[in-house]
Amino acid sequence: MRTWFPYPLLSIGLLIIWMLLNQSVAPGTIVMGTILGIALAWVTLKLHPARSHPRRILRTLRFGASVFVDVIRSNIAVVRVILRVGRRAPNSGFLTVDIDIEDENALALLACIMTATPGTAWLEYDRGRKSLLFHVLDMENEEVWIQTVKRYEAGLKEMFG
Amino acid sequence: MSHLTDLPTWAAVIVCVLVLLGAAIALIGSIGLLRLPDFYTRLHAPTLATSGGVILICTASMVCFAVLQNRWVFHEVLIIVFVIMTTPVTLMLLGQAALYRDRVEQRRGVPLKQKPLPVQTPEETEE
């Protein structure tokens, strides 16, 4: 099974993207998408990506929902900071937090989530010390930011553990 | 674009609110890029446009064309996914480059590079 379908999730994802791009569920589109998905998974095999096994779909959905809520909240927070920047300089700063995630893909996902949400930006991850340096736009309460990162870490560990 | 007038009022109101809100967020992000004091804080401003702005405007587009063409339209989701997935990579690259430069120039207020953990040789651990 593994030899024929090296990355089943990637193949399914590519099939979905192909169907969305073509905006159709016609049999021809599905056949073409399946061929492309399997062929491109074979190409990816040559790149030797780190393999990980995300599990527990329900947890993943819940994690996604909590990230979405965080994105909305931090959007509003950053809009406020920018609108009052003339009156009060933002109280920004660097924070470090220890993160104990081994999985490469989970780390990449965490980096993307943190940088995509306004208000936090991933800067540097030290693999030896397992510590992450990130920048925060509005440091009203350091503890809250560290708690947020810890919450993401716990969620990702559940998903990839 | 004349067929846009076919849009029923309720849909037009939803689309209007979403587009204006998204555009406002993107505009505020751009203003932030202009007015925030230093590089690291400016790193946060464009993410407003790429998260809130893109999500709202693409949702508006989905609603608008789904109502006009009387079918489900989902392919704007791809725009949201790809924009959200790719901008952080650039921002991380810029952030790390800035961090590297500031450390070389020994600017104040920038966290220093942590020293690598001392590698313990077997002889040392025995002592």
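The values are calculated or read from the model by the stated rules, or taken from the named source; none is laboratory data. None of these values were measured; they are calculated from a predicted model. FYI the Cβ positions are ideal-geometry reconstructions off the backbone, even for glycines, and counts take in every protein chain you see.
From A:L133, A:L61, grab the single residue that is among the hydrophobic types (A, V, I, L, M, F, W, C), outside any loop (DSSP other than H, G, I, E, B) and either surrounded by 19 or more Cβ atoms within 10 Å (Cβ to Cβ) or in contact with a strand residue (DSSP E or B) (Cβ under 6 Å, 6 or more places away or on another chain) (or both).
Working: A:L61 fails: either surrounded by 19 or more Cβ atoms within 10 Å (Cβ to Cβ) or in contact with a strand residue (DSSP E or B) (Cβ under 6 Å, 6 or more places away or on another chain) (or both).
Going through A:L133, A:L61 in turn, just one is among the hydrophobic types (A, V, I, L, M, F, W, C), outside any loop (DSSP other than H, G, I, E, B) and either surrounded by 19 or more Cβ atoms within 10 Å (Cβ to Cβ) or in contact with a strand residue (DSSP E or B) (Cβ under 6 Å, 6 or more places away or on another chain) (or both): A:L133.
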Requested in this report: Might you check whether a residue that is without any contact (Cβ under 8 Å) to a residue 60 or more places away in the chain, away from chain B (no Cβ under 14 Å) and crowded, with 17+ Cβ neighbours inside 10 Å occurs anywhere in the range A:140-149?
Outcome: yes
Requested in this report: Examine the range A:83-93 for a residue that is within 12 Å of another protein chain (Cβ to nearest Cβ), under 26 Å from B:I80 (Cβ atoms) and modelled with pLDDT of 85 or more, and state whether such a residue exists.
Outcome: yes
Requested in this report: Give the range B:64-90 a look and list any residue that's in a helix (DSSP H, G or I) and either of a type in the set (F, W, Y) or surrounded by 19 or more Cβ atoms within 10 Å (Cβ to Cβ) (or both), or say none.
Outcome: B:C64, B:F65, B:E76, B:F82, B:I84, B:T87, B:P88
**Report entry** Unmet criterion (only one of (1) free of Cβ contacts under 8 Å to residues at least 24 places away in the same chain; (2) surrounded by fewer than 20 Cβ atoms within 10 Å (Cβ to Cβ); (3) at the interface with chain B (Cβ under 8 Å from one of its Cβ atoms)) for A:R127
**Finding:** (3)
Report task. Identify the single condition in (1) surrounded by fewer than 17 Cβ atoms within 10 Å (Cβ to Cβ); (2) assigned to a helix (DSSP H, G or I) that A:V78 does not satisfy, given that it satisfies every other one. Result -> (1)
Report summary line: For B:A12, the lone unmet condition from (1) of a type in the set (A, V, I, L, M); (2) under 26 Å from B:G95 (Cα atoms); (3) modelled with pLDDT under 90 is (2)
Query raised in the report: If you take the residues of the range A:4-25 that are more than 14 Å from chain B (Cβ to nearest Cβ) and assigned to a loop (DSSP other than H, G, I, E, B), which of them is nearest to B:V77 (Cα to Cα)?
Result: A:Y7
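Being at pLDDT 90 or above and over 29 Å from A:V25 (Cα atoms) is true for just one of B:L48, B:L33, B:L21. Which residue is that? Break it down into steps so the answer makes sense when it comes.
Numbers: B:L48 fails: at pLDDT 90 or above; B:L33 fails: at pLDDT 90 or above.
One residue alone meets the criteria, B:L21.
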Query raised in the report: In the range A:105-113, is there at least one residue being in contact with a Ser or Thr (Cβ under 9 Å, 6 or more places away or on another chain), more than 9 Å from every other protein chain (Cβ to nearest Cβ) and either in a helix (DSSP H, G or I) or crowded, with 17+ Cβ neighbours inside 10 Å (or both)?
Result: yes
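One line per residue, one yes/no per condition, for (1) in contact with a strand residue (DSSP E or B) (Cβ under 9 Å, 6 or more places away or on another chain); (2) within 16 Å of A:S92 (Cβ to Cβ); (3) part of a helix (DSSP H, G or I):
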site	(1), (2), (3)
B:I28	no, no, yes
B:I31	no, no, yes
B:Y40	yes, yes, yes
B:P46	no, yes, yes
Query raised in the report: Can you tell which of A:V71, A:V85, A:V78 is in contact with a Lys or Arg (Cβ under 6 Å, 6 or more places away or on another chain) and farther than 26 Å from B:K113 by Cβ?
Result: A:V85
Report summary line: Expected single match for within 25 Å of A:D98 (Cα to Cα), touching a helix residue (DSSP H, G or I) at 6+ places or on another chain (Cβ under 9 Å), modelled with pLDDT of 75 or more and not aliphatic (A, V, I, L, M) among B:P118, B:P111 is B:P111
Query raised in the report: Residue check: is B:T90 touching a residue at least 40 places away in the same chain (Cβ under 8 Å) and polar (S, T, N, Q)?
Result: no
Query raised in the report: List, please: which pairs have Cβ atoms under 9 Å, are six or more places apart or on different chains, and start with a residue in the range A:30-47 that is closer than 14 Å to A:P8 by Cβ and end with one that is surrounded by fewer than 12 Cβ atoms within 10 Å (Cβ to Cβ)?
Result: A:I38/A:W4
